[in-house]
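K.L.:
This is the structure I have questions about; it appears just below.
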Amino acid sequence: MFNREENIQTLPAGDPEEDPRSTIWTNMRRSFLRGLAIIIPIAITVWVLWFIFQFIDGIASPFYQQIGLNIPGLGFITAIVLILLLGVFSRYLVGKVFFRILERIFLNLPLARSVYSGARELINAFSLGQKGKTFREVCMVEYPRKGVYSIGFKTNELTFEGADGSKQRLSNIYIPLPPNPTTGILTLVPSDEVISLSISVEQGLKLVLSAGIVTPTEMSKAKLKEEK
């Protein structure tokens with residue numbers, strides 16, 4: 001006979017994960033993280049540009065005031081024009097010689113040398129269009145402990161010689177800290193323990209800057225040159 005109570009008890013219970021409140025909260029959290037990934041790089045870029053423009057405007061505005069030009073935004077326009085002129089000037093031989101001499105002056109000053117060389121290396125590292133960029137490849141290393149992997153960028157290699165005369169090949173791996181890739185840690189990892197990845201440096205930077213939100217569709221171990 002048809003047992004109504006038995007059939008009622010065997011009906012599947014509702015999935016607690018389908019709670020509308022939980023779904024709304026999950027969607028809000030994901031949307032917030034996406035918005036954060038978008039706004040952080042923009043905020044850093046705007047802050048750097050604003051600092052440069054404010055610096056130039058602080059020099060140009062008093063000069064314009066002395067000659068009677070009190071036009072709002074004139075210092076900002078001057079900053080843009082000056083940066084463009086510097087870029088054009090650096091492309092010619094005279095400009096290259098001038099900036100090379102200026103660079104030598106900075107490199108010979110004790111305090112300015114460390115600041116200037118560090119800033120130049122950071123700019124070269126994140127200038128993806130340059131052929132001689134500092135970041136050679138994207139890799140994974142076991143850090144901060146075994147079984148946990150961190151995304152890093154291989155910058156160079158060196159040979160370490162122990163007290164017993166044994167030599168070991170080490171890779172310089174720079175692990176940036178999101179959302180600002182200019183801050184990070186340098187680790188020296190045995191070269192045979194470094195896992196090279198099959199993604200470009202640009203994809204690796206996007207992965208780090210977004211705190212893992214912008215992830216490549218596929219990521220695998222890079223093939224060795226001998227295997228190609």
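K.L.:
Restricting attention to the stretch 135-155, which residues are surrounded by fewer than 17 Cβ atoms within 10 Å (Cβ to Cβ) and over 15 Å from GLU193 (Cα atoms)?
P.N.:
If the condition is that a residue be surrounded by fewer than 17 Cβ atoms within 10 Å (Cβ to Cβ) and over 15 Å from GLU193 (Cα atoms), then ARG136 is the only one that fits.
K.L.:
Please verify whether THR45 is touching a helix residue (DSSP H, G or I) at 6+ places or on another chain (Cβ under 9 Å), in a helix (DSSP H, G or I), closer than 30 Å to GLY212 by Cα and modelled with pLDDT of 70 or more, treating the condition exactly as stated. Full working, then the answer.
P.N.:
Details: touching a helix residue (DSSP H, G or I) at 6+ places or on another chain (Cβ under 9 Å): no; in a helix (DSSP H, G or I): yes; closer than 30 Å to GLY212 by Cα: yes; modelled with pLDDT of 70 or more: yes.
Spelling it out, it is not the case that THR45 is touching a helix residue (DSSP H, G or I) at 6+ places or on another chain (Cβ under 9 Å), in a helix (DSSP H, G or I), closer than 30 Å to GLY212 by Cα and modelled with pLDDT of 70 or more.
K.L.:
Any residue that is of a type outside the set (Ser, Thr, Tyr), at pLDDT below 85 and assigned to a strand (DSSP E or B) - is there at least one of those in the stretch 133-153? So that I can check it myself, show each step before the final result.
P.N.:
So in the stretch 133-153, the residues of a type outside the set (Ser, Thr, Tyr) come out as 133, 135-142, 144-148, 151-153.
Among the residues that remain, those that are also at pLDDT below 85 are: 133, 135-136.
Keeping just the survivors that are assigned to a strand (DSSP E or B) gives none.
Among the residues of the stretch 133-153, not one is of a type outside the set (Ser, Thr, Tyr), at pLDDT below 85 and assigned to a strand (DSSP E or B), which makes the answer no.
Condition check ((1) under 29 Å from ILE42 (Cβ atoms); (2) at pLDDT below 90) across all residues:
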residue	(1), (2)
PRO110	no, yes
ARG169	no, no
ASN172	no, no
GLY184	yes, yes
PRO190	no, no
GLU193	no, no
SER196	no, no
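K.L.:
If you scan the stretch 199-214, which residues turn out to be touching a helix residue (DSSP H, G or I) at 6+ places or on another chain (Cβ under 6 Å) and either of a type in the set (Lys, Arg) or surrounded by fewer than 16 Cβ atoms within 10 Å (Cβ to Cβ) (or both)?
P.N.:
The answer is ILE213, VAL214.
K.L.:
Restricting the search to the stretch 159-207, which residues are assigned to a strand (DSSP E or B), small (Gly, Ala, Ser) and without any contact (Cβ under 8 Å) to a residue 40 or more places away in the chain? It would help to see each step written out before you state the result.
P.N.:
Here is the first cut: in the stretch 159-207, the residues assigned to a strand (DSSP E or B) are 159-161, 167-177, 180-190, 195-197.
Subset that is small (Gly, Ala, Ser): 171, 184, 196.
Listed by number, the residues that qualify are SER171, GLY184.
The values are calculated or read from the model by the stated rules, or taken from the named source; none is laboratory data. These numbers were taken from a predicted model, which means no experiment stands behind them. A quick note on method: Cβ atoms are made from the backbone with ideal geometry, for glycine too, and the neighbour counts reach across all protein chains shown.
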